[in-house]
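Asks: To start, I am sharing the structure in question, which I have written as structure tokens.
The values are calculated or read from the model by the stated rules, or taken from the named source; none is laboratory data. Every value quoted in this text rests on a predicted model; they were computed, and no experiment measured them. No Cβ is skipped: glycine too gets one built from the backbone with ideal geometry, and neighbour counts run over all protein chains shown.
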Amino acid sequence: MRKNQRWTADQIPDQAERVCVVTGANSGLGLATTRALARKGGHVILAVRDEEKGHRAAAEITAEQPGAALEVRRLDLADLDSVRAFADQLYADHPRLDVLVNNAGLMAPPRSLSAQGHESQFACNHLGHFALTGLLLDLLTDGDNPRVVTVSSTNHRQGHLHFDDLAGERTYSPMGFYNQSKFANAVFGLELHRRLTAAGSPVRSVLAHPGYTATNLQTSAPVALVKVLFGRILAPLAQRPEQGALPQLYAATAPDARGGEFIGPDGFAELRGGPTRVQPSTAAADPRTGHRLWDLSEQLTDVRFRLPAAL
């Protein structure tokens, strides 16, 4: 990114021959990301929980871009069995993967548990993406200039890990546990970078966040206060998904995006604007927290990365 020159989707390099997976691709940031990658020739796999919505999104893109290379595949990130099934099928059908965008998210629902008994936001936003990345790592290693983009949030700065109560059995706050999951995203992306570097892997782990963007993550939030605050009162201040997706698109495609970087908006308080390099919270960058979350995540998902711990 050159100083005083904002990066736009028009600057995405040619993506022909590249295979990309975008989680949560049927709406919001995921749909905007998919559309932009497809426009540049990428073969994009829409990883979605609701296949009908995924096919509608693919049809919308194809109507705008005849010949767009799209696949729709079911993936429920809150169910680790679904994550494994998705990964197995991808190995059966594709010899490599070039880009994985860990974009899908769940925001501030009432407390509920995943199929494996984990708090739903931690399960969907972190554990599912952790498992998916680990299971697809060999495909990514065989990719061309491969990248993992993990989408966090400015809310990670208000989050911390409730290691003694990850499932919220004793105390649960919808936004507090959302912040925890976004903090976990940041911790994971940075620890993944450290381990990939230690292994000499060609895969880059890059973090991104969209600032304040209008998506159905807020407008469909089950908690009424969250829906009213973000979906109505603050909605006029939000940027469009096409703008909010630019940091993750930059992270996924820009030649100078480096592993371990965090890309977010360049405007006031990182709420809106063009993509630039931003700083994660000091707590999220702590390697000790990274080690602890990594070990716990491997235990909870039963997915082991063949990567050494960073020194």
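Asks: Restricting attention to segment 240-276, and to residues there that are in a loop (DSSP other than H, G, I, E, B) and of a type in the set (Gly, Ala, Ser), which single residue is surrounded by the most Cβ atoms within 10 Å (Cβ to Cβ)?
Replies: Within segment 240-276, the first condition is being in a loop (DSSP other than H, G, I, E, B), and the residues that meet it are 240, 245, 254-261, 266-267, 271-274.
Still in the running and of a type in the set (Gly, Ala, Ser): 245, 254, 257, 259-260, 267, 273-274.
Working: 245: 32, 254: 19, 257: 21, 259: 20, 260: 17, 267: 14, 273: 17, 274: 16.
It comes out as 245.
Asks: Now for a different question. The conditions are (1) in contact with a helix residue (DSSP H, G or I) (Cβ under 7 Å, 6 or more places away or on another chain); (2) under 25 Å from residue 253 (Cα atoms); (3) surrounded by fewer than 18 Cβ atoms within 10 Å (Cβ to Cβ), and residue 95 fails exactly one of them. Which is it?
Replies: (1)
Asks: Output the number of the condition that residue 41 fails; it satisfies all remaining conditions of (1) at positive phi; (2) modelled with pLDDT under 95.
Replies: Against the list (1) at positive phi; (2) modelled with pLDDT under 95, residue 41 comes up short only on (2).
Asks: Related question: What pairs can you find where one residue is in segment 167-193 and basic (Lys, Arg), the other is surrounded by fewer than 24 Cβ atoms within 10 Å (Cβ to Cβ), and their Cβ atoms are less than 6 Å apart, with a gap of 6+ or different chains?
Replies: Listed pairs, sorted by first residue: 182/155.
Asks: Another question, then. Within segment 287-301, is there a residue that is among the aliphatic types (A, V, I, L, M) and either in a loop (DSSP other than H, G, I, E, B) or modelled with pLDDT under 95 (or both)?
Replies: Step one: of segment 287-301, the residues among the aliphatic types (A, V, I, L, M) are 293, 296, 300.
Among the residues that remain, those that are also either in a loop (DSSP other than H, G, I, E, B) or modelled with pLDDT under 95 (or both) are: none.
The answer is no, given that none of the residues of segment 287-301 is among the aliphatic types (A, V, I, L, M) and either in a loop (DSSP other than H, G, I, E, B) or modelled with pLDDT under 95 (or both).
Asks: Okay, next question. In contact (Cβ under 8 Å) with a residue 60 or more places away in the chain and closer than 30 Å to residue 12 by Cα: is that true of residue 276 in this structure? Break it down into steps so the answer makes sense when it comes.
Replies: Numbers: in contact (Cβ under 8 Å) with a residue 60 or more places away in the chain: yes; closer than 30 Å to residue 12 by Cα: yes.
Answer is yes for this residue.
Asks: Suppose we filter 201, 153 for residues that are among the hydroxyl-bearing types (Ser, Thr, Tyr), closer than 22 Å to residue 30 by Cβ and touching a residue at least 40 places away in the same chain (Cβ under 8 Å); which single one remains?
Replies: Numbers: 201 fails: closer than 22 Å to residue 30 by Cβ.
The match here is 153.
Asks: Determine the pairs where a residue that is without any contact (Cβ under 8 Å) to a residue 40 or more places away in the chain, located within segment 204-216, has a partner that is in a loop (DSSP other than H, G, I, E, B) with Cβ atoms under 6 Å apart, the partner being 6 or more residues away or on another chain.
Replies: Pairs found: 214/238.
Yes/no matrix, rows are residues, columns are (1) free of Cβ contacts under 8 Å to residues at least 12 places away in the same chain; (2) surrounded by fewer than 20 Cβ atoms within 10 Å (Cβ to Cβ); (3) more than 18 Å from the chain's Cα centre (by Cα); (4) more than 26 Å from residue 195 (Cβ to Cβ):
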position: 58; (1), (2), (3), (4): no, no, yes, yes
position: 70; (1), (2), (3), (4): no, no, yes, yes
position: 85; (1), (2), (3), (4): yes, yes, yes, no
position: 107; (1), (2), (3), (4): no, no, no, yes
position: 122; (1), (2), (3), (4): no, no, no, no
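Asks: Out of curiosity, is residue 49 closer than 22 Å to residue 95 by Cβ and basic (Lys, Arg)? Talk me through it step by step, then tell me what you get.
Replies: Values: closer than 22 Å to residue 95 by Cβ: no; basic (Lys, Arg): yes.
In short, no.
Asks: While we're on this one: Residue under question is residue 37, and the condition is that it be under 26 Å from residue 120 (Cβ atoms) and crowded, with 23+ Cβ neighbours inside 10 Å; does it hold?
Replies: On the way: under 26 Å from residue 120 (Cβ atoms): no; crowded, with 23+ Cβ neighbours inside 10 Å: yes.
No: the conditions fail for residue 37.
Asks: Also, quick follow-up: What is the number of the single condition among (1) surrounded by fewer than 20 Cβ atoms within 10 Å (Cβ to Cβ); (2) closer than 30 Å to residue 43 by Cβ that residue 139 does not meet?
Replies: Every condition holds for residue 139 apart from (1).
Asks: If I filter segment 26-45 for residues that are more than 17 Å from the chain's Cα centre (by Cα) and under 16 Å from residue 136 (Cβ atoms), do I get at least one hit?
Replies: Yes: segment 26-45 contains one or more residues that are more than 17 Å from the chain's Cα centre (by Cα) and under 16 Å from residue 136 (Cβ atoms).
Asks: Then there is this: Within segment 162-203, how many residues turn out to be of a type outside the set (A, V, I, L, M), within 20 Å of residue 252 (Cα to Cα) and within 14 Å of the chain's Cα centre (by Cα)? Even if it seems obvious, please write down each step before you answer.
Replies: Applying the first criterion (of a type outside the set (A, V, I, L, M)) to segment 162-203 yields 162-165, 168-174, 176-183, 185, 188-189, 191, 193-195, 197, 200-202.
Add one more test, that the residue is within 20 Å of residue 252 (Cα to Cα), and what stays is 182, 185, 188-189, 191, 193-195, 197, 200-202.
From the residues that got through so far, the ones that are within 14 Å of the chain's Cα centre (by Cα) too are 182, 185, 188-189.
Total meeting the criteria: 4.
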